[in-house]
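**Student:** Here it is, the structure in full.
The values are calculated or read from the model by the stated rules, or taken from the named source; none is laboratory data. Small disclaimer: the values here were computed from a predicted structure and weren't measured. All Cβ positions, even for glycine, are placed from backbone atoms using ideal geometry, and neighbour counts span all protein chains on display.
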Amino acid sequence: MDFGEGLRSAIARLRHATIIDSKTIKEFNKELQKTLLGADVEVKLVSEISKRIEEKALKSNPPPGVTHKEYIVDIVYKELVALMGESFSPQVKGKRILLLGLYGSGKTTTAAKLAKFYRDRGISAGVICCDVSRPAAYEQLETLSKAANVAFFGMKGEKSPGRIVEEGLEAMADVDVVICDTSGRSGLDKALMEELKAVDSAFKADEKILVISSDLGQVAGRQAREFDREIGLSGVIVTKMDGSAKGGGALSAANAAHSRVMFIGTGETLGAIEPFSPAKFIGGLLGIPDIESLIGRVTAAIAEAGMDKEEISSEELNMETFYAQLKAMGKMGPLKNMLGMLGAADVSSDVIEKGEGRMKKFKVIISSMTNEERKNERLLHEKGRIPRIAKGSGTSERDVQELISEFNKMKKMFNTFKNDRNFKKRFSQFKA
């Protein structure tokens, strides 16, 4: 059972309780403690939050119009949010950002993600490859930079970080946000610290950010304290939040170490990074819809897919516009994340895998259609077309027929919405 599933299960039991008394609260706290400890939250923090929840739940009364159960759930929500720290709102302006971190933290990918984050908000961004210890770092960051459409500077084979920084800053004199990716190690040793201090001295960073993998759990706090003591941190970025059960432990540990969580990495795509909001994070775990983030993810995916918003929100649905929508969805990251934003966090992994598999198959099938077939799906019923499409896409005739059936259901639903007087108003954000 992952962190979010455990929290939802504990709260569900509380909501279904016949009576709320001391025994009920203690039983709930046991479930909550087990979930938090399973997410590698520090024992001391777990004990403290349990005591506060019990005290508030039993010694205070709900406001008028709020049931006792709703009041306790709200107490739990607020305590969990406080455990994770404060929200971060990045200033979109020119700055120099120095990224630090050990091997396996996802630092190089984060450098490109962060550059794209600022570029998507209307200012120029670029990255300097100052990792002189990992042989593949130059090629990886160069490739990611091209994919993110941001500036890149590196000196392949150069072993002097100071020289790379000096020439990199000169080459990026006209770039607003410059991000420097540094060397890592398997541990924080003296050689790494000396190298990072030399880079920091030459780069003169406005922000020094430690990149930490969420699977470290509470060890993240120790790492943050050590880096802060040696070089001074502005905050941390916690990566791989989409795949680790210890994410809650890493976030709470960083907060306990007085290191502000600035961003979290939520997936493998370059757009899967967001400013940290503990309210949104806990809300997502508890199954509270986050429509604002979903719309933002959709808009970014459309841009990343290189498509016009009119193409996605067209009032005419055919295989061509359906294909465009599937492409955009593919850029939005894991289906599990999207369902979480809609408040459907407990959809089984089997259902999610089947859904993702079907979307990929549908895209392949549509790509094997002619332009005329994409624009007029009625042509698909003519003899010989389905066998040809199946053969061209490497699928079966049954797969093609399944796509046509699903498309017809979607078109029927689409036409129902289209005839609604408020249709254009509801989808206006995609045409802004």
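**Student:** On the given criteria, is residue 136 under 19 Å from residue 267 (Cβ atoms), among the small types (Gly, Ala, Ser) and either in the same structural domain as residue 279 (by TED's automatic domain parsing) or crowded, with 17+ Cβ neighbours inside 10 Å (or both)?
**Tutor:** The answer is no for residue 136.
**Student:** Take residue 203 and decide whether it is in contact with a Gly (Cβ under 8 Å, 6 or more places away or on another chain) and assigned by TED's automatic domain parsing to the domain that holds residue 265.
**Tutor:** no
**Student:** Also, I was wondering about something else. Please identify the pairs in which a residue from the range 360-371 that is in the same structural domain as residue 402 (by TED's automatic domain parsing) has its Cβ atom under 6 Å from the Cβ atom of a residue that is of a type in the set (Ser, Thr, Tyr), counting only partners at least 6 apart or on another chain.
**Tutor:** Here the result reads 364/393; 365/393; 365/395; 366/323; 368/393, each pair linking the range 360-371 to a residue that is of a type in the set (Ser, Thr, Tyr).
**Student:** Does the range 300-310 contain at least one residue that is modelled with pLDDT of 90 or more and either hydrophobic (A, V, I, L, M, F, W, C) or surrounded by fewer than 23 Cβ atoms within 10 Å (Cβ to Cβ) (or both)?
**Tutor:** Checking the range 300-310: not a single residue is modelled with pLDDT of 90 or more and either hydrophobic (A, V, I, L, M, F, W, C) or surrounded by fewer than 23 Cβ atoms within 10 Å (Cβ to Cβ) (or both).
**Student:** Next question, about the same structure. Which pairs do you get when a residue that is free of Cβ contacts under 8 Å to residues at least 40 places away in the same chain and crowded, with 20+ Cβ neighbours inside 10 Å, found in the range 1-19, comes within reach of a residue that is of a type in the set (D, E, K, R) and assigned to a helix (DSSP H, G or I), reach meaning Cβ atoms under 8 angstrom, with the pair 6+ apart or on two chains?
**Tutor:** Filtered contacts from the range 1-19: 6/31; 6/34; 10/31.
**Student:** Could you check residue 95 against (1) modelled with pLDDT of 95 or more; (2) touching a helix residue (DSSP H, G or I) at 6+ places or on another chain (Cβ under 8 Å) and say which number it fails?
**Tutor:** Among (1) modelled with pLDDT of 95 or more; (2) touching a helix residue (DSSP H, G or I) at 6+ places or on another chain (Cβ under 8 Å), the lone unmet condition for residue 95 is (2).
**Student:** Quick check on this structure: which one of 221, 122, 184 is assigned to a helix (DSSP H, G or I) and among the small types (Gly, Ala, Ser)?
**Tutor:** On inspection, the qualifying residue turns out to be 221.
**Student:** Which residue pairs have Cβ atoms under 7 Å apart, sit 6 or more places apart or on different chains, and have a first residue in the range 166-177 that is not assigned by TED's automatic domain parsing to the domain that holds residue 123 and a second that is surrounded by 15 or more Cβ atoms within 10 Å (Cβ to Cβ)?
**Tutor:** none
**Student:** Also, I was wondering about something else. With (1) of a type outside the set (S, T, N, Q); (2) outside any loop (DSSP other than H, G, I, E, B); (3) exposed (fewer than 13 other Cβ atoms within 10 Å of the Cβ) as the list, and residue 63 as the residue in question, which single condition is left unmet?
**Tutor:** Among (1) of a type outside the set (S, T, N, Q); (2) outside any loop (DSSP other than H, G, I, E, B); (3) exposed (fewer than 13 other Cβ atoms within 10 Å of the Cβ), the lone unmet condition for residue 63 is (2).
**Student:** So which of 56, 93, 44 ends up being out of contact with any Leu (no Cβ under 7 Å at 6 or more places or on another chain), in a helix (DSSP H, G or I) and surrounded by fewer than 17 Cβ atoms within 10 Å (Cβ to Cβ)?
**Tutor:** Sole residue among the options that is out of contact with any Leu (no Cβ under 7 Å at 6 or more places or on another chain), in a helix (DSSP H, G or I) and surrounded by fewer than 17 Cβ atoms within 10 Å (Cβ to Cβ): 44.
**Student:** Take the range 139-162 and flag every residue that is touching a residue at least 40 places away in the same chain (Cβ under 8 Å), closer than 21 Å to residue 113 by Cβ and surrounded by fewer than 22 Cβ atoms within 10 Å (Cβ to Cβ).
**Tutor:** 147
One line per residue, one yes/no per condition, for (1) surrounded by fewer than 14 Cβ atoms within 10 Å (Cβ to Cβ); (2) hydrophobic (A, V, I, L, M, F, W, C); (3) in contact with a strand residue (DSSP E or B) (Cβ under 8 Å, 6 or more places away or on another chain); (4) not in a helix (DSSP H, G or I):
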{"residue": "356", "(1), (2), (3), (4)": "no, no, no, no"}
{"residue": "362", "(1), (2), (3), (4)": "no, yes, no, no"}
{"residue": "372", "(1), (2), (3), (4)": "yes, no, no, no"}
{"residue": "380", "(1), (2), (3), (4)": "no, yes, no, no"}
{"residue": "383", "(1), (2), (3), (4)": "yes, no, no, yes"}
{"residue": "386", "(1), (2), (3), (4)": "no, yes, no, no"}
{"residue": "390", "(1), (2), (3), (4)": "no, yes, no, no"}
{"residue": "407", "(1), (2), (3), (4)": "no, yes, no, no"}
{"residue": "410", "(1), (2), (3), (4)": "yes, yes, no, no"}
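Per-residue answers, yes or no, for (1) modelled with pLDDT of 70 or more; (2) over 16 Å from residue 320 (Cα atoms); (3) touching a Pro at 6+ places or on another chain (Cβ under 6 Å); (4) of a type in the set (Ser, Thr, Tyr):
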{"position": "382", "(1), (2), (3), (4)": "yes, yes, no, no"}
{"position": "390", "(1), (2), (3), (4)": "yes, yes, no, no"}
{"position": "395", "(1), (2), (3), (4)": "yes, yes, no, yes"}
{"position": "401", "(1), (2), (3), (4)": "yes, yes, no, no"}
{"position": "406", "(1), (2), (3), (4)": "yes, no, no, no"}
{"position": "414", "(1), (2), (3), (4)": "no, no, no, no"}
{"position": "422", "(1), (2), (3), (4)": "no, yes, no, no"}
{"position": "425", "(1), (2), (3), (4)": "no, yes, no, no"}
{"position": "429", "(1), (2), (3), (4)": "no, yes, no, no"}
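**Student:** Now for a separate question. What's the number of the only condition in (1) modelled with pLDDT under 95; (2) touching a helix residue (DSSP H, G or I) at 6+ places or on another chain (Cβ under 8 Å) that residue 179 fails to meet?
**Tutor:** (1)
**Student:** So in the range 116-133, with the set limited to residues that are under 20 Å from residue 101 (Cα atoms) and among the small types (Gly, Ala, Ser), which one is surrounded by the most Cβ atoms within 10 Å (Cβ to Cβ)?
**Tutor:** Among those residues, the one meeting the criterion is 126.
**Student:** Step by step: first the residues of the range 229-282, then only those that are at pLDDT 90 or above, buried (at least 23 other Cβ atoms within 10 Å of the Cβ) and of a type in the set (Val, Ile, Thr), then the one that is farthest from residue 189 (Cα to Cα). Which residue is that?
**Tutor:** 264
**Student:** Determine which single condition residue 4 fails, assuming it passes every other condition in (1) assigned to a helix (DSSP H, G or I); (2) farther than 17 Å from residue 283 by Cα.
**Tutor:** (2)
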